[in-house]
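Trainee: Sharing a structure with you now.
The values are calculated or read from the model by the stated rules, or taken from the named source; none is laboratory data. Please read all numbers here as calculations on a predicted model, not as lab measurements. Cβ placement follows ideal geometry from the backbone for every residue including glycine, while neighbour counts extend to all protein chains displayed. Surface accessibility is based on the protein's heavy atoms, side chains included, excluding ligands, DNA and RNA. Shrake-Rupley method; radii C 1.70, N 1.55, O 1.52, S 1.80 Å.
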Amino acid sequence: MAEMHDTTEEYLETILELEEEGVVPLRARLVELKAGEGLMVVAPFLPSPLIELLRSEGFLSRIERGLAGEWMVSFWQAAV
């Protein structure tokens, strides 16, 4: 049986590195969205937990599969 690899620590390290480089974290970018604006996340895997979390917070999303197999998920605020 193949050994499972927990990528949580690597993910957190990547987030911290991005913050140190001045890249605004995803949550901050979402808060800054104005009416009619959206944000696209491109990932090598379907970020299902993120999609569900943001949907529970009132965001809408559209999921597309890229030509190279990547996942492109667009998020935007539902009209109030």
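Trainee: Give me the pairs, please: first residue somewhere in the stretch 35-62 and over 8 Å from residue 73 (Cβ atoms), second residue anywhere and open to solvent by 70 Å² or more (accessible area, probe 1.4 Å) and at pLDDT below 90, beta-carbon distance under 6 Å, and either six or more positions apart or on two chains.
Mentor: Hits for this filter: 39/29.
Trainee: Hey, among the residues in the stretch 30-51 that are part of a helix (DSSP H, G or I) and exposed (fewer than 11 other Cβ atoms within 10 Å of the Cβ), which one's modelled with the highest pLDDT?
Mentor: 49
Trainee: Being surrounded by 10 or more Cβ atoms within 10 Å (Cβ to Cβ), at pLDDT below 90 and of a type in the set (A, V, I, L, M, F, W, C), is that true of even one residue in the stretch 56-79?
Mentor: No, the stretch 56-79 contains no residue that is surrounded by 10 or more Cβ atoms within 10 Å (Cβ to Cβ), at pLDDT below 90 and of a type in the set (A, V, I, L, M, F, W, C).
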